[in-house]
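See below for the structure under consideration.
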Amino acid sequence: MSFYKEIEQFSEYIKSIRKLKDYLSFDLYFPSKWGLPKDDTQIIPFESDVANHKGLSFVTEMKDKEVTNTITKILKVIKINKERELKEMLFKQTVEQLKKTFENNDLDKLQNLYFDFENHELDEPEIGEESDSIELAE
């Protein structure tokens, strides 16, 4: 995949990409409420000039594997935070619908209220594979 195709996936967050001696710095703007990987020394905050956003530089050695790993990390941060936002929005919508259900139905009907989710077993990653989750710090 070309470098353009790699960074196009998160281009809406890019402020700049800089070369610093033997390093690349991906300077990005993320919403202030987004979480980040815990204890990651390769992420350096910077002053954001965009309201309700924080500036973060993902710094990596300018080597193929290191740049690929950093891009993967950036994409995971975006994926996890967007998923978290969607779940939060879905939760709020569901609570509102549940409130209306309780307001509009009598106790007998509500006592029969039941939630059922199909429980699909998640496949464990093979040895050497990486799972989709990363631990995030607020």
Practice problem: With only Lys, Arg, Asp and Glu charged, each at its Cβ (+1 for the first two, -1 for the last two), find how big the charge dipole of the range 51-121 is about the Cα centre; round to the nearest 20 debye. | Solution: 480
Practice problem: Counting only C-alpha contacts under 8 Å and six or more residues apart, can you give the relative contact order of the range 16-122 as a whole percent? | Solution: 20
Quiz item: How many nm separate the modelled label positions at residue 42 and residue 116, each set 7 Å beyond the Cα in the direction of the Cβ?
Solution: 4.7
Quiz item: Where the only charges are on Cβ atoms (+1 Lys, Arg; -1 Asp, Glu), what is the dipole of the range 3-83 about its Cα centre, to the nearest 20 debye?
Solution: 120
Practice problem: Name the lysines eligible as straight-distance cross-link partners of residue 63: C-alpha to C-alpha under 26 Å, and not fewer than 8 places from it in the same chain. | Solution: 5, 15, 19, 21, 38, 73, 76, 79
Exercise. State the volume of the convex hull built on the alpha-carbon positions of the range 1-122, expressed per residue in Å³ and rounded to an integer.
Key: 175
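Take 6, 88 and order them by how many other Cβ atoms sit within 10 Å, fewest up front.
Working: 6 15, 88 11.
Neighbour counts put them in this order, fewest first: 88, 6.
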Practice problem: May I ask for the distance between the Cα centers of the range 42-95 and the range 14-41, given as a whole number of Å? | Solution: 8
Practice problem: For the range 58-67, take each phi angle, set θ = phi - 60°, evaluate the Karplus expression 6.51 cos²θ - 1.76 cosθ + 1.60, and give the result in whole Hz per residue in order, putting x for glycine and proline. | Solution: 9, 9, 8, 4, 8, 10, 3, 5, 5, 5
Quiz prompt | Extension gain, residue 8 back to residue 68 (0.36 nm per residue minus Cα-Cα distance, nm) | solution = 20.2 nm
Quiz item: When the convex hull of the Cα atoms of the range 9-55 is projected onto a plane and the area is averaged over all directions, what value comes out in nm²?
Solution: 4.0
Quiz item: So what are the ³J(HN,Hα) numbers for the range 98-114, from phi and the Karplus equation (6.51, -1.76, 1.60; θ = phi - 60°), rounded to whole Hz, Gly and Pro as x?
Solution: 5, 4, 5, 4, 5, 6, 9, 10, 7, 4, 4, 5, 5, 5, 9, 5, 8
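Coordinate-derived values only; no laboratory data. The model shown is predicted, which means the values in this text are computed figures rather than measured ones. Neighbour counts are summed over all protein chains in view; Cβ atoms, including those assigned to glycine, are modelled from backbone coordinates with ideal geometry.
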